[in-house]
Each structure stands twice: as C-alpha cells, then as structure tokens.
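No lab work stands behind these numbers, since they all come straight from the coordinates. Since the model is a prediction, treat every value here as computed from it, not as a measurement. Here the Cβ positions follow ideal geometry from the backbone for every residue, glycine too, while neighbour counts run over all protein chains shown.
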Ligand SMILES: [Zn+2]
C-alpha cells in the first residue's frame, strides 16, 4: 500500500514537473529571445552640414564659384546645387562675396537675382567680368538692371507649365541625345498648379535653348564680349532636390523600368557647361576604374520560399564574375500576411554571407503601409517589438525605428561578421522619417525609391525628413530595373539593356532588383542580361559600390599647377577606404605618379587604393 502510494506520488510529481517545464518553455518562447541578437545603439543625428560657405571653401582656380545670393535671413540654401555639382564631380566653392567669386572663370548665381541682390557698381562688375571672358550660369534673374547682360526683355511667372523641350544646338546640351532627355516633364497635369517657373521673352542677340509649353524660353544663352551667360527660368530646387526627395508633382513619365532622366538633365547641363568653358578641366568621375557605368545587382528575399532560389542566383552571378546584395525580410512574427520564416532561413543566409554575397535589411513585416508608420521611440528591440500586419496596408505595434533597428539586430546577431548598413523598404514605400531612422540606427545606405520616381539615375545623399534643408548621412541608390512589372523580367531583358546603355552614356548607375521567389525563369534572364553587358559597364553588388560612392562623395581634392607648364598636381584626402577613384581630364595624360594608372584613352587617371583618412599627392603630366 505504502509503495503504491509512493509510486503514485512520484508519477504526480513527474506530471507536475512536465507541465511546469512545458509552461516555462512556452512562456520562455514569448518573452526571452531564443536567438542571439546584437544591440543596435541609438545614435544622435549628426547635423554635419551647417554652413555651406565653410563646408565648401575656395581652394584652387579651377573651382566653379557659387555666389549664394539669398539674403542671410532666407532659408533658401544651395543644397540643390551642392547635390548637382558633387554628384557630377565638378569642383566648386560657395561664397557670398562677389569679388571673390569673380576671381574664378566660371560663376553660378544661386538661387536668384532680384533688385536687392546687387548694387549698381556690382552689376557693372559682373558685366565687365563677362565681357572680359567670364562665364555665368544663373537661374531666375528678375532684375531689370541685368536684362541686357542676360538677354531678355521680360519674363512671365506661372505655376502652370508642365513640360519643357530643349531646342537648337549648344555645347551645354552635348549629353542630351535621347528623346527622354530632349523633352522633360515638370509635373503632372492632374495638379492645377505646380512650382513657379519664369518664361523669358528674349531680347536681341540671345538664343533660347529650351522652351516651356507656352513658347517662352526656359533656358537662354547670351554672348557678351568674350564671355557668355546662361539663364534658367526655373530653380534646381524644383527640378533636382524636389525630385530626389520625391516631393515632385509626379513629374515622372514611368514608375520603373524606363529611362527617366528628368532631374539628371540639369546635372548633365552643368557638367557640359563646366567641360565647355573651364579650359583645362578635370572632374572626379562618377564611376570607378574608368568604367562608363556599373550594374548593381540585388535581390529581395521576402517570402518563405524565396531563400532556396537565392543559391541559383549566386551560381549564375559567379559564372559572370559578379555578386549581389540580398535584402532579407526578417519575419519573426505570424500575421495576416504570412507566417514567420526568419528562423528557417538562417542556414541559407549564413551560406550566402560565407560565399561572398552581401546582405541588407528588407524590414520585418514588409508592410505596404510602412510609409505611414510613426517613427517610434528608438528603443524598439527584439525583446519588446511585436509588429503585426493586419491587412493590405495596415499594421499594429509597428514603427519605422522598429522595422529598421530590430531587423539589423537579428541579422547582425545571427550571421557571422554581418554589419547591416543597407536597407530597402517593403513595396518600396518610404516614410519621411526613414533617413533619420536609418542614420540613427547605424545604417549608411538605402535603396527604397525607383530611379524613375525620383527622376535620378545617380546616387545621392537623402535629405533628412525627405525635406530640403539638410542632408542625412544616408546615400540613396534608386532601383532602375525590377522583375515584377508585366510581362515579367524574362521578357524585358532587351528593354533593361537599353536603359542601362542610356545611363552609361551619362556615366550614371543602374540598380537591378530581382525577387528570389523563383529562379527557373529569372536566373537565366539575369544571366542573359549579364552576358550582354558591354565590357566597359561594370557589375557589382550594391554594398561595395555604395561604399565606393560614399568615399567618393566625402573625398576632398585640389588640382593646382605643377612646376612645369604641362604639369598639374592632384592632391586628395580620403575619409573612407576606397579603391578605383577615377579622375577625368580634358587633355590626354602622358604620365602619372604615385601608383596611379591611366585608362586606355589616356583621359582618365585611376588612383591607387586608399585607406581611412589618407592623403596623397599625384603628379600628372598632360599632353598637348
Ligand atoms: Zn519586398
């Protein structure tokens, strides 16, 4: 009896122990991360770019002088012009001093010229400068006192001009060879009004280079003495920065997969203006290693069955000596859209990383409503962040910080040597707080816009809050070609190739996005595209090119006369490690020092590899 009672007692104890253990394990699953994570510190916003005149000082004669004409009390800053000139690799400085500006051969007046900008004697100084062989590029000249210099009789302000076409021939239009470049859209007619433009009516001698749809001149040029002026009837603020912040009035003609250079044409005009009039010019090329363009390869991995096919893409890319960046959805919750699948993917992710692919974050719940999410607190962590998609574009418990930070925490904690710095939003939906959330969470790069939508095929610094005042530290690499638009990527390879060639003509970049949900059709299509790429168009994963672009953007350089008349000295100073930096010269180069090499056409100098914070001096001998 006693033994029987004893054994029942033991059985009961065992049952209780099992129940407790099971309950503990279940609770444990909900409250304690079963997986290793890596804490993401919350950083302050850097506010690096405070005073443009001290950020871009006068250093050498070849620099374009940007005369910042806005009164001190105005909030209008030269950021649009900074974007344009930096992206094009054109040397420039910013000043408020007309006398200092006129010591240089090329002068840009920004953002406008009205009756208060210049005193009479300054206007005279400016005119004399042009008569003596100076070149001025201005926008929105309103002041009657300079009508004769700029060659207009009057101007008509309007907010109802939706198109613009380039007309005639001029060296500043030398890059505008395609129909999509000869005509651009300023905004969609579904808006009753867009931004202000000023249509000029020409005076004697001036020539229209672009006309608005009402026939008034949008860009005009006037020869005065030995110099020349150009005058633009709209602001780079509206056609460059507004587009890049995606605050344009839907000026794009397509959303994706087409060539849309609506913002780029203005950058290309400034580049051509510089190359035409700066004499023996040199420019920091946009592409590395003397290439014309680079195709950046990426895959979005955002479904439970999207992981295995990744390996097929790796295989075909390896065969073409290429690699790619995989943007990973780190789905660890079940919701209305899908079950959790991050845990099952780890082995493949580690294999991808170990094999030389690079990884970025593609958020956690991949919500179509991401662009409407609140920023959040910045304290979101795997232990406390429980977002859930509720339907088509609704979610609960989700924030921008949460999607950005917790996905990084998981990837960095789970994948050896992973430091996630690249982000792509689900459905390419971009909340205005994304640059801040990324910067403060230690990211460096984003690829959440399409190139067509932002009308830009060059990477750029994304302004904070997608605004106009200040750049974040995040660089944007907009998607050029994707796989989902009907009739599907496999049938659109020739179209993709044409867009890539159009961008290569401008030395712009291309971003390819192929979802890895299947590889039987898409992998051969990608292989087909890679095989047809011309030799001088490079292939790269997104991360390595982005690191190049960031280092290029943060490079400081000077070009000064050498000891002999045909020699120049290039001095560079890096902030980041970088390989393949290229300078383009008007005159052919016959000799370089300092470990630099020459391209086959002798116009490009490719610099040696640099480390963090390195300076180098390179002697360059020019041919006649
Ligand atoms: Zn996606």
At a 10 Å Cβ-Cβ cut-off, how would you order 590, 361, 433, 54, fewest neighbours first?
54, 590, 433, 361
No solvent, one uniform scatterer per C-alpha: report log10 I(q)/I(0) for region 152-202 via the Debye equation at q = 0.18, 0.30, 0.31 1/Å, two decimals.
-0.73, -1.06, -1.08
Crossing angle, helix 310-319 versus the chain [Cα axis fit, 0-90 degrees, rounded to tens]
50
When DSSP assigns beta bridges and you keep just the ones with both residues in the chain, what percent turn out antiparallel, to the nearest 5?
55
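When the expected Rg is taken as 2.2 N^0.38 Å, what fraction or multiple of it is the alpha-carbon Rg of region 184-272?
The value comes to 1.19.
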How long are the semi-axes of the equivalent ellipsoid of region 438-531, defined as square roots of 5 times the Cα gyration tensor eigenvalues? Whole Å, largest first.
28, 16, 11
Starting from the Kirkwood Rh over alpha-carbon pairs, what translational D in µm² s⁻¹ does region 206-319 have by Stokes-Einstein at 37 °C and 0.692 mPa s?
176
Where does helix 342-354 land angle-wise versus the long Cα axis of the chain, in degrees 0 to 90, nearest 10?
50
Calculated [θ] (222 nm, deg cm²/dmol) that DSSP helices of n ≥ 4 give over the chain, each run adding -39,500 (n - 2.57):
-8000 deg cm²/dmol
Geometric extent, Cα atoms of region 273-316 - Rg, Dmax (angstrom):
20.0, 58
If I take all pairs of Cα atoms in the chain, what percentage of them are more than 48 Å from each other?
19
Counted neighbours (other Cβ, 10 Å), sorted fewest up, put 108, 415 in the order 415, 108
Taking every pair of Cα atoms in region 79-196, average 1/r, invert it to obtain the Kirkwood radius, and report Rg/Rh to two decimals.
0.98
Between the helical axis of 264-277 and the dominant principal axis of the chain, each derived from Cα atoms, what acute angle in degrees is found, rounded to the nearest 10?
40
Per principal axis, descending, Cα span of region 297-438 in whole Å
43, 28, 26
How big is region 496-585 on each of its three principal axes, counting only the C-alpha atoms and giving the largest first in Å?
61, 26, 15
Fewest-first sequence of 615, 221 by Cβ atoms within 10 Å of each Cβ:
615, 221
